[in-house]
Amino acid sequence: MSKSLNVKDLVTIGVFAILYFFIAFIVAILGVFPIFIFVIPFLTAVFGGTLVMLFMSKVNKPWALFIFGMIPPCIMWAMGHTYIVPITAILFIGIAELIFRKGKFTSLKYNTFSYSFFSCWGTGAIIQMIILKEQYIKAQIQAGISEESINQLVNLITLPTFILIIVITWIGGLIGAFVGRKMLKKHFEKAGIV
Amino acid sequence: MIEIKKLNYKYNKQTETQALVNINLEISRKEFILLCGRSGCGKSSLTKVINSLIPNYYENGVLEGEIYIDNKASKSCNLYEVSQIVSSVFQNPKTQFFNTNTTNELLFYLENRGFNRAYMREKLAETAKIFKIEHLFNKNIFDLSGGEKQLLAIAGAYASGTEIIILDEPSSNLDVEKTILLGQILAKLKMLGKTIIIAEHRFYFIKNLIDKVYYLKNGEILFELSKETFITMDDDVRKNLGLRAINLERLKHLDSDFKTKSSKQLQIQNMYHVFRNEKKVLNINNLKINFGNIVGIYGVNGIGKSTFIKIIMGLNNSKVKISINGNSLSSKKRLKKSYIVMQDVNFQLFTHSVDIEVSLGKCSKYNSLDVIKVLKMLNIYHLRDKHPMSLSGGQKQRVAIASAILSGSEIICFDEPTSGMDYDNMMRISNLIKSTINDNILIFIISHDHEFLNNTVDKILDMNKFNFEL
Amino acid sequence: MNLYAKSKFNPTPLSKLFVTVFLSVCISFNTSALFSFALVAFISVFCMLNSKSKLAIKSITIYLLLNILSFDFILSSYDFLKNYVLFLVIVAKFFYLPFLGGIFFVATSDVSSIIVSLEKVKLPKTIIIPLSVIFRYFPTFKEDRKSIKDAMKMRGITFKNPIRYLEYVSVPTIISATNIIDDISISAETKCISDPCKKERFFDVKYTLIDFIFISFVILIQIFGILYD
């Protein structure tokens, strides 16, 4: 079997990217209640597990996971998110790709950990809020709010929170991967599409 | 032009079943070849051998024998090298395109081959002239009807300029009118000197174009027929071979009355639905249908057959008043009482075993014995532990029918249940539907298949009657 | 967004992409309110020139509304809910410009032009093909989702039991997606997509004066906005 991506692999990347983006989109609707913003990456990690685990079992070649994973952050970037989103994604999806390769693309154990890192890319959308925190605190002060009341809201967004979000998301990735493995076994292997 | 010697093929190293057995075939330039036979006889696989999807795309199979296309051994060629001689048109107009813009799709082959813009412009003009499809250029493919998409696919095959055009059941998703149009286009291609190979179930639109017919069974070419013998074939002989009608049957039951005059009656009042993007309405003032009948819903694509059914079922919120025996029913209540067996049955299978699948949403009046009874009646009892998605198309359809019966639905609709079906399977589903009906049930069938409708329904509703220009 | 059209006032997709990315980088600097508004107005004018007047009016109105809202709350006493809304307003205002750029990009670029311009900057086909497929599959996905929703309604599968719902919805969705992967791949392969030769696309994109105007004005306004803050 050749190691370079063929047309079918590339089409698979495109189709699965839509499905993945859709899951992320549905979860992101929760963001209208900003309190939930912090659990969005976690939930995306849990619900995306089945799809990405299936993807990993279908396309066993280098770069496939990386390209697949970079599409949503790049689209988000093109639609107005900051560069912090793709940069975070490169970091985490890069790690995921390396682990995926390490397991020769077929080891369930490696794929599970690969996915848990993979799903951390979603934290980029929150990290950008933290990195740019100073900026909109300033904007808010300009708007005339007392610093005290702003702090009420932005106190949540600190470095420990930010590490906590990544850890929670990573655990969400593990949960998602286990759910995914179960679903693969229960449905997709039996249906003969893996 | 095409020469196949001692070809054997199976899709999988592990399986016993040969998809193709000892195929020897020679097709010369400008011939029009029909491949026919029952579903699963290997005609579709044979088309895949000729366009070299076998072995280039289906990589897990085992292929023996020799294939020469235009004197080149195609086994040693890449898919894109064979595609420079052979163009392919497939069954499903919805899925067989790569672009979203019609002009892009039409010229996709030429772009990929590296032709320059001037040549493409020339080809585009030529194709527009021959097929009269200028009005389809630079449009969103998703706005085209199924027939138009299929027309575009064939025009694309022509624009490619390849000598051989191969078609795998191109008519299965088209209505009669569009199928006949498809025949006219194939006639043009034949006149232009193309070599055409077509695998089909329906014959009426190509019967005058055929040069040679190959009949396949269990992966083997059983015999070869000339056009004359084929079109004058005795009706009993063709039924025994599992073939569909060679001529287009005249539709019966258009003016007939409901067969069963049961006391239970569905009444549709003031149905009014405005089609989006079109200046048309579906309008029914008052229509009464007796339960216990099988009613065919007929009309060209896009006339609102599915809309009609969806409104009745409560899946569409257009204005309507629907009552059974005088009791008016809300859309929620109607949804509980009705069921549709979809054309793409993959959309309605959710669980991991047939057993659980048919019990999902089961009506409380049925117990597990009834489940077994229904599964046995539909001949899927032996599959009860399998994953529904692992079954064949026909088996999946029967699982969906079992769910319909066990959900206690009173109104059951079948959407194009016979597309791409051979005679045997068509008769099987026809008999199955007829055995399901009783005075408490009303069955609708959306179909373009004259032969099937004539064999199955008691009455046809022509949707033309309910369609009005705005 | 699928129809190729040459409009005199439509910058190429890459110019629009560049502007969006540029604006997203610039939000880490403070821009004076007047100049921010000038940018919103400038992009809105471009929307209008490309017959997206509705979008233009919407973008200006929403921007003004956000500004008014963020000032109106000065009066608010210590009230969590009000601050909360205000927080949202400020965040929305903060990310407004790059988002507007992104929306302008999506609303006025056709698929063919996007693909061609990405090919022109020598993006490899390992990226071009998945992107084309995204545009191709999205409408099909929407249609399929509708059918699956209908089928679930008929079977009485509702969100009351979310875990079961999610399991059930994923089966037909993923199966129909994998089916279409084969169909799309085959249609592309039989049309010689793997032919390694040099390719020329029928629809072309050319950089014109309008690209220059669009990019340079956005850059100028933005930089002055930062300098005069």
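Karplus-based coupling profile of segment C:114-125, in residue order and whole Hz: 4, 4, 4, 5, 5, 5, 5, 8, 6, 5, x, 5, with θ = phi - 60° in 6.51 cos²θ - 1.76 cosθ + 1.60 and x standing for Gly or Pro. Of the accessible area of segment C:124-190, computed with a 1.4 Å probe over protein heavy atoms only, carbon and sulfur atoms account for 62 percent. Interface residues of segment B:99-117, defined as those with an accessible-area decrease of at least 50 Å² between the chain by itself and the complete set of protein chains (probe 1.4 Å), are B:Thr100, B:Glu111, B:Asn112, B:Arg117. In whole Å, what is the distance between the alpha-carbon centres of segment B:128-162 and segment B:338-400? Taking the Cα centre of each part, segment B:128-162 and segment B:338-400 sit 39 Å apart. Sparsely packed loop sites in segment C:135-229 (the chymotrypsin sites (Phe, Trp or Tyr not before Pro) outside DSSP H, G, I, E and B with at most 12 other Cβ atoms within 10 Å) comprise C:Phe159, C:Tyr228. Under a 5 Å amide H cut-off, with hydrogens placed 1.01 Å from N, B:Leu216 pairs with B:Cys36, B:Gly37, B:Leu222 among residues at least 5 apart or on other chains.
The residues of the protein assembly as shown expose on average 43 square angstrom of accessible surface per residue, using a 1.4 Å probe on protein heavy atoms.
Taking 7 Å steps out from each Cα toward its Cβ at B:Glu64 and B:Ser323 produces label points 7.2 nm apart. When the helices of chain B are scored as -39500 (n - 2.57) per DSSP H run of n ≥ 4 and the total is divided over every residue, the value at 222 nm lands at -9500 deg cm²/dmol. Sparse packing (at most 16 other Cβ atoms within 10 Å of the Cβ) combined with a DSSP loop state is found for none of the trypsin sites (Lys or Arg not before Pro) in segment B:373-470. Measure nothing fancy, just the Cα-based angle from helix B:368-377's long axis to the longest principal axis of chain B, in degrees from 0 to 90, nearest 10. Approximately 40 degrees, to the nearest 10.
Across all directions, the shadow cast by the convex hull of chain A built on its C-alpha atoms averages 11.5 square nanometres.
Under 14 Å of direct C-alpha separation, and excluding same-chain neighbours fewer than eight residues apart, B:Lys386 reaches these aspartates and glutamates: A:Glu189, B:Asp355, B:Glu357. The shape of chain C can be summarised by an equivalent ellipsoid whose semi-axes, obtained from the alpha carbon gyration tensor, come to 37, 31, 14 Å from longest to shortest. Going by alpha carbons, how many degrees (0 to 90, nearest 10) lie between the helix axis of B:117-131 and the longest principal axis of chain B? Rounded to the nearest ten degrees, it is 50. Pairing chain C with chain A buries about 4900 Å² of accessible area. This figure sums both sides and uses a 1.4 Å probe. Are any of the pairs A:Lys186/B:Lys239; B:Lys72/B:Lys396; A:Lys58/B:Lys337; C:Lys54/C:Lys206; A:Lys102/C:Lys199; B:Lys30/B:Lys139 more than 31 Å apart by Cα-Cα distance, and if so, which? With Cα atoms farther than 31 Å apart: A:Lys186/B:Lys239; B:Lys72/B:Lys396; A:Lys58/B:Lys337; A:Lys102/C:Lys199; B:Lys30/B:Lys139.
Excluding the site residues themselves, the longest part of chain C lacking any trypsin sites (Lys or Arg not before Pro) in a DSSP loop with at most 11 other Cβ atoms within 10 Å is C:9-121.
Convex hull of alpha carbon positions in the protein assembly as shown: directionally averaged projected area 39.2 nm². The three principal axes of the C-alpha atoms in segment C:124-190 carry coordinate ranges of 46, 20, 16 Å, sorted with the longest axis first. Can you give me the angle between helix B:102-113 and the longest principal axis of chain B, using Cα atoms only, in degrees from 0 to 90, rounded to the nearest 10? It is inclined by approximately 30 degrees.
Geometric descriptor of chain B, per residue, is 154 Å³ (volume of the convex hull of the Cα atoms).
Helical runs (DSSP H, four residues minimum) scored at -39500 (n - 2.57) apiece and divided by the length of chain A put the mean residue ellipticity at 222 nm at -23000 deg cm²/dmol. Put simply, the convex hull of the Cα atoms in segment B:418-470 casts, on average, a shadow of 4.9 nm². Placing one equal scatterer on every Cα of segment A:28-92 and applying the Debye formula, the log10 ratio I(q)/I(0) at q = 0.21, 0.25, 0.26 Å⁻¹ is -1.04, -1.22, -1.24.
Taking 0.36 nm per residue of separation and subtracting the Cα-Cα distance, full extension of the segment from B:Asn285 to B:Asn218 would add 18.9 nm. Both radii come from the Cα set of segment B:100-197: Rg as radius of gyration, Rh as Kirkwood radius; their ratio Rg/Rh reads 0.94. Work the Kirkwood hydrodynamic radius out for segment B:353-470: mean of 1/r over every pair of different alpha-carbon atoms, inverted, in Å. Evaluated on segment B:353-470, it is 15.4 Å.
Dipole size of the protein assembly as shown about its Cα centre, with +1 on Lys/Arg Cβ and -1 on Asp/Glu Cβ: approximately 1140 debye, rounded to the nearest 20. Entry note, chain B: relative contact order of 17 percent, from Cα contacts under 8 Å with a spacing of 6+ residues. Approximating the spin labels as points 7 Å out from Cα along Cα→Cβ, the B:Glu249-to-B:Ser390 distance works out to 3.7 nm. Greater than 19 Å separation of Cα atoms is the criterion. Which listed pairs, A:Lys109/A:Lys185; B:Lys310/C:Lys146; B:Lys321/C:Lys142; A:Lys61/C:Lys125; B:Lys149/B:Lys465, meet it? Going by Cα-Cα distance, B:Lys321/C:Lys142; B:Lys149/B:Lys465 fall outside the 19 Å limit. Length gained on full extension, C:Ser51 to C:Phe29: 4.7 nm, using 0.36 nm per residue less the C-alpha separation.
Relative contact order of segment B:1-95: 33 percent, from C-alpha pairs under 8 Å at least 6 residues apart in sequence. Look at the dipole of the protein assembly as shown built from charges on Cβ: of B:Phe97, C:Ile210, B:Leu453, the Cα furthest out on the positive end belongs to B:Leu453. In this structure, B:Lys30 and A:Ser107 have a Cβ-Cβ separation that, at R0 = 51 Å, corresponds to a calculated FRET efficiency of about 0.40.
Computed with every protein chain present, the accessible area of B:Arg334 is close to 20 Å² [probe 1.4 Å]. In segment B:375-421, burial by the other protein chains removes 20 Å² or more of 1.4 Å probe accessible surface, compared with the chain on its own, from B:His387, B:Met389, B:Ser390. At most 11 other Cβ atoms within 10 Å and a DSSP loop assignment: could you name the GluC sites (Glu not before Pro) in segment B:1-95 that fit? When the GluC sites (Glu not before Pro) of segment B:1-95 are filtered for loop state and at most 11 Cβ neighbours within 10 Å, B:Glu16, B:Glu59 remain.
The values are calculated or read from the model by the stated rules, or taken from the named source; none is laboratory data. Owing to the predicted nature of the structure, the values given are computational and were not obtained by experimental measurement. Don't worry about glycine lacking a Cβ; one is built from the backbone with ideal geometry, like all the others, and counts go over all protein chains shown. Surface accessibility is based on the protein's heavy atoms, side chains included, excluding ligands, DNA and RNA. Shrake-Rupley method; radii C 1.70, N 1.55, O 1.52, S 1.80 Å.
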